[in-house]
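A quick write-up on the structure given underneath.
The values are calculated or read from the model by the stated rules, or taken from the named source; none is laboratory data. Fair warning: this is a prediction, and the values are worked out from it, not measured in the lab. We place every Cβ from the backbone using ideal geometry, glycine too, and count neighbours over all the protein chains shown.
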Amino acid sequence: MLNDQDINKLTSVLASKKDVEEIKSDLGDLKELVQGLIVASDSLIKSMSDLKMEYAAISTQLTRHERWIKQIAEKVGLNLAIE
């Protein structure tokens, strides 16, 4: 059978209702923080994806312009030297 000493030892080791409520509150705050981080990372990933698409379009356009300039230079008889 448990005596008062045993009960006091158990209550000092086990969590009380107040402790459990504090843990729940902290977990709720942590959950909000994690959700905020997920939203922020999703936003960054979308921006990176948009920039990747824009870079691909610019690269394609630059390649096209270089080809046109070379064609014009050949027709005009201009030597395009790289310095």
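Restricting attention to region 69-83, the residues that are surrounded by 10 or more Cβ atoms within 10 Å (Cβ to Cβ) and either touching a His at 6+ places or on another chain (Cβ under 9 Å) or assigned to a helix (DSSP H, G or I) (or both) total 6. Cβ-Cβ below 7 Å, separation at least six or inter-chain, first residue in region 26-46 and modelled with pLDDT under 95, second of a type in the set (Lys, Arg): which pairs? Listed pairs, sorted by first residue: none to list.
No other residue among Ser43, Ser59, Ser12 is of a type in the set (Ser, Thr, Tyr), under 30 Å from Leu80 (Cβ atoms) and either assigned to a helix (DSSP H, G or I) or more than 37 Å from the chain's Cα centre (by Cα) (or both) apart from Ser59.
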